[in-house]
1. Which one of these does LEU58 not meet: (1) open to solvent by 50 Å² or more (accessible area, probe 1.4 Å); (2) over 19 Å from ILE11 (Cα atoms); (3) modelled with pLDDT of 75 or more?
2. For SER45, work out the one condition from (1) in contact (Cβ under 8 Å) with a residue 40 or more places away in the chain; (2) farther than 23 Å from THR10 by Cβ it doesn't fulfil.
3. Tell me which residues, restricted to segment 63-115, are polar (S, T, N, Q) and within 18 Å of ALA31 (Cα to Cα).
4. Out of segment 81-112, which residues are in a strand (DSSP E or B), of a type in the set (Phe, Trp, Tyr) and either open to solvent by less than 20 Å² (accessible area, probe 1.4 Å) or closer than 14 Å to ILE11 by Cβ (or both)?
5. Under the condition of being small (Gly, Ala, Ser) and touching a Gly at 6+ places or on another chain (Cβ under 9 Å), which residue from segment 57-93 is nearest to HIS106 (Cα to Cα)?
6. Can you name every residue in segment 61-80 that is of a type in the set (A, V, I, L, M, F, W, C) and either at pLDDT below 75 or open to solvent by less than 40 Å² (accessible area, probe 1.4 Å) (or both)?
7. In segment 26-51, what count of residues is obtained for those that are part of a loop (DSSP other than H, G, I, E, B) and either within 18 Å of ALA81 (Cα to Cα) or open to solvent by less than 60 Å² (accessible area, probe 1.4 Å) (or both)?
8. Contact list please: Cβ distance under 7 Å, first residue in segment 1-15 and among the charged types (D, E, K, R), second residue open to solvent by less than 40 Å² (accessible area, probe 1.4 Å) and at pLDDT 60 or above, pairs at least six apart or on different chains.
Amino acid sequence: MLPLDILKETITVYRKSGGEYVNGRWVEGVADVSTHRNTSVQPVSASDLLMIPEGESLEGVIRVFDVLPLYAQDVDAGKEADLIEYYDKKYKVVRVDPWRNGFMDHYEALAVLERQNTGV
């Protein structure tokens, strides 16, 4: 169970809406920016690293617990992954597990540091 007292951090979440065709031309979706309070950002364990999708960088991985929804990329639905800004760095959400325990429903997400922030 997630202790209430660890949910004390604030993150900024960038969520890009899906694009659409307008008069036969593709128009990119716009980014929605929201502030998530009552969040916990933690380091990852070795077993967490095994859940990172192949091809993603393992440098700068964080685990995020949030009571508000977070989303990983969904190719079939045409949705991009959320970006999380935390201490002036942006992380891409690569995995989300919803937890419905009836006491404190929340989301547990793994996010990787965006490559442009690492100088690569």
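1. (3)
2. Tallying (1) in contact (Cβ under 8 Å) with a residue 40 or more places away in the chain; (2) farther than 23 Å from THR10 by Cβ, SER45 fails exactly one: (1).
3. Within segment 63-115, the first condition is being polar (S, T, N, Q), and the residues that meet it are 73, 101.
Within segment 63-115, GLN73 is the sole residue that qualifies.
4. Here is the first cut: in segment 81-112, the residues in a strand (DSSP E or B) are 83-86, 89-99, 106-112.
Pick out the ones that are also of a type in the set (Phe, Trp, Tyr) and you get 86, 91, 99, 107.
Within segment 81-112, TYR86, TYR91, TYR107 qualify.
5. We begin by selecting, within segment 57-93, every residue small (Gly, Ala, Ser); these are 57, 60, 72, 77-78, 81.
Applying the additional criterion that residues be touching a Gly at 6+ places or on another chain (Cβ under 9 Å) yields 77-78.
Values: ALA77: 23, GLY78: 24 Å.
So the residue we want is ALA77.
6. Restricting attention to segment 61-80, the residues satisfying the condition of being of a type in the set (A, V, I, L, M, F, W, C) are 61-62, 64-65, 67-68, 70, 72, 75, 77.
Across segment 61-80, the qualifying residues are VAL61, ILE62, VAL64, PHE65, LEU70, ALA72, ALA77.
7. Count: 6.
8. Pairs found: GLU9/THR39; GLU9/SER40; GLU9/VAL41; ARG15/ASP82.
The values are calculated or read from the model by the stated rules, or taken from the named source; none is laboratory data. Only a predicted model underlies this, so the values are computations on that prediction, with no experimental measurement involved. Counting neighbours? That spans all protein chains shown, and the Cβs are built from the backbone with ideal geometry, glycine included. The protein model used for the area step is the full one, side chains on, heavy atoms only, and it has no ligands, DNA or RNA in it. Shrake-Rupley method; radii C 1.70, N 1.55, O 1.52, S 1.80 Å.
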